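Here the structure comes first, spelled out in structure tokens, and everything after it is commentary.
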Amino acid sequence: MRHLLEPTNLTVEEIDQIMERAIDIIDHRELYAEACKGKKLATLFYEPSTRTRLSFTAAMMELGGNVLGFSDANSSSVSKGETIADTIRVVSCFADIVAMRHPKEGAPLIAKRFSRMPVINAGDGGHNHPTQTLTDMLTIRRELGHFDNLTIGLCGDLKYGRTVHSLIKAMSRYKGTRFVLISPRELQLPSYMVDEMRKSGIPYKEVNSIEEAMPELDVLYMTRVQQERFADKAEYERLKLAFVLDEEKMGYAKEKMIVLHPLPRVGEITEGVDNDPRAAYFRQVENGKFVRMSLIYTLLKWRDQEDNIKERTLVSNEGKRCSNPHCITTKEPLAQEFYVDDKGVKRCNYCDHEI
């Protein structure tokens, strides 16, 4: 059984295959109108979503399939205390494939272990969001024509920004990729992500302003500061508009540079930028539907293939628990699992948080 929990579950060749299929769907939509006839997608969304949930629903409907599930955990048996393991066992009786969003990091790993159908991670806390990454990549492919030798600026909330984490993991595997990190000190990229970049020899630098970064960028990836990830409201208010992209700052950009944003935006891109042809974020939304069509189609075709997600070698917890308040282990009755990374640091198997 093949699943998609994070971008590295797919090889570069498989990502390219999904991109090609998405483009073929765009060019020949009528050929895919009944490609998933008789199949059912379960959408299990434990936290609010507009684009991702509707995009999955539209994708399955345009493939000729059906959709079931919930958009609010409070309207399901989750409100009665049902665990993810039990929910996924039940849903496996009704559906052929599942897209799951959860506020706790590592939740899709539990679903994968108990599911009898392919599991797609539609976002787990501040951890990963692989289908948004496929959306971003299809947009880059359609706008710029290639993935190699790109300088990508990542701006805003890099600490909790799961879309940022997933995009780094995916794009790091392409030749000549460089990253420019633009964020407040409090929202810098997590140490485990920086360690992965250093280990892979991926060039990156940190800058203090959008203007400083803009002239060298091929892609500017804007993100919102996520209020739902903050325990301290005052801290959120202080940081929410730390970096704002406006028409003046766009004047520093290359003629062919593109601006991406996973949306929703809450002030970090002014409406004046919308009219700039380099603003690709609404075209990005439509690409999300097509790439999810391609992914659903592909995973159902691969359903009988062996899972290529390699489980980590786990080590004793020595009585310790993960201290990340956003980790799924704080909510579900799980045995704590740790692994040791390449630098000898012990990390949580669910959320990658350093122990």
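The values are calculated or read from the model by the stated rules, or taken from the named source; none is laboratory data. Note that the coordinates shown come from a computational prediction; the quantities given were computed from them, not determined experimentally. Neighbour counts run over all protein chains shown; Cβ positions are idealised from the backbone, glycine included. Each accessible area value is taken on the protein alone, full model and side chains, heavy atoms only, with ligands, DNA and RNA left out. Shrake-Rupley method; radii C 1.70, N 1.55, O 1.52, S 1.80 Å.
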At what distance in nm do the modelled label points of Ile23 and Lys80 sit from each other, each positioned 7 Å from its Cα along Cα→Cβ?
-> 5.0 nm
Cα lying deepest toward the dipole's positive end in the chain, options Tyr297, Gln188, Ile202, charges on Cβ = Tyr297
Can you work out the accessible area per residue across the chain, with the rest of the protein chains kept in place, probe 1.4 Å, in square angstrom?
-> 43 Å²
In whole angstrom, how long is each semi-axis of the equivalent ellipsoid of the chain, when you take the square root of 5 times every eigenvalue of its Cα gyration tensor and sort them from largest down?
-> 30, 26, 19
What's log10 of I(q)/I(0) for the stretch 93-147 at q = 0.25 Å⁻¹, Debye sum over Cα points only, no solvent?
-> -0.91
Taking the chain as a Gaussian network, Cα atoms linked when under 10 Å apart, which of Val259, Val119, Val340 shows the biggest mean-square fluctuation?
-> Val340
Can you send over the carbon and sulfur percentage of the accessible area for the stretch 86-218, probe radius 1.4 Å, protein chains only?
-> 45 percent
What relative contact order, as a whole-number percentage, does the chain give when Cα pairs under 8 Å and 6 or more residues apart are counted?
-> 19 percent
Taking the Cα centre of the stretch 121-263 as origin, work out the dipole magnitude from +1 charges on Lys and Arg Cβ and -1 charges on Asp and Glu Cβ, in debye rounded to 20.
-> 480 debye
Lys/Arg +1, Asp/Glu -1 at C-beta; the stretch 1-117 dipole; positive extreme among Ile88, Leu10, Ala58 | Ile88
Please work out how much length the chain gains when fully extended from Met1 to Leu144, using 0.36 nm per residue of separation minus the C-alpha to C-alpha distance, in nm with one decimal.
-> 48.1 nm
For the stretch 274-355, using Cα atoms only, the Rg and Dmax in Å read 19.5, 56
In whole Å, how far is the Cα centre of the stretch 112-134 from that of the stretch 145-162?
-> 20 Å
Projected onto the charge dipole of the chain (unit charges on the beta-carbon of Lys, Arg, Asp and Glu, signs +1, +1, -1, -1), the Cα from Ala111, Phe70, Met19 with the largest positive-side position is that of Ala111
Stokes-Einstein translational diffusion, the stretch 210-349 - Kirkwood Rh over all Cα pairs, 1.306 mPa s, 10 °C, in µm²/s = 82 µm²/s
Within the accessible area of the stretch 14-74, what % is carbon and sulfur when the probe is 1.4 Å and the other protein chains stay in place?
-> 46 percent
Relative contact order of the stretch 234-355, defined on C-alpha pairs under 8 angstrom at six or more residues apart (%) = 16 percent
At q = 0.12, 0.16, 0.20 Å⁻¹, work out log10 I(q)/I(0) for the stretch 145-209 with the Debye formula, treating every Cα as an identical point scatterer and leaving solvent out; two decimals please.
-> -0.26, -0.47, -0.74
